[in-house]
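Inspection log for the structure reproduced underneath, given as structure tokens.
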Amino acid sequence: MKHVEELKKKYQVLEERISKFITEHSGVVYVKNSGDIAEGRIFTWAVISSDDKVLQAQLRLDYVTISELARQRLEQIHSRYIADFDRSREIVLSYIRQDSMLLKILSLEAAAEVAKNEMRLQKFLLT
């Protein structure tokens, strides 16, 4: 059980780092003519600076490492939620990689909150 608590603490630290990366080192841009394909405005991630790309790569590596340990834990306890964990993990990775369109995202804070909620779900699944 001690291992799970340590993993949850690492998740908490990483959750804050990811949130900070999204809100302080990222940007979004409006997809021109997106109103033609969906109601409202659609945004995509803006290109980040070289320094931020280094930060992004380290964050991704740290997240993959921690989430892989979490997944191994779920396998050890024969969790029935591994598929849910994998889906949630992909969402967080997508927000770190910034390789998808953001449909109707209202702010970077809202984007960070999506990632944080997914990480909270992953922590919950560990128990």
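So, in the stretch 83-127, of the ones that are among the basic types (Lys, Arg) and part of a helix (DSSP H, G or I), which residue ends up farthest from Glu5 (Cα to Cα)? The residue in question is Arg97.
Of all residues in the stretch 47-54, one or more are in contact with a His (Cβ under 8 Å, 6 or more places away or on another chain), surrounded by 12 or more Cβ atoms within 10 Å (Cβ to Cβ), closer than 13 Å to Ile22 by Cα and without any contact (Cβ under 8 Å) to a residue 60 or more places away in the chain.
Name every residue in the stretch 55-82 that is part of a loop (DSSP other than H, G, I, E, B) and among the polar types (S, T, N, Q), in order of residue number. Matches in the stretch 55-82: Ser79 only. Considering the stretch 70-112, and only residues there that are under 11 Å from the mean Cα position of the chain (by Cα), in contact (Cβ under 8 Å) with a residue 40 or more places away in the chain and over 15 Å from Lys10 (Cβ atoms), the residue that is surrounded by the fewest Cβ atoms within 10 Å (Cβ to Cβ) turns out to be Arg97.
All of the numbers you see were taken from the coordinates with simple rules; none came from a lab. Keep in mind it's a predicted model, so treat the numbers as computed, not measured. Using ideal geometry, Cβ is built from the backbone for each residue, glycine included, and neighbour counts are taken over all protein chains shown.
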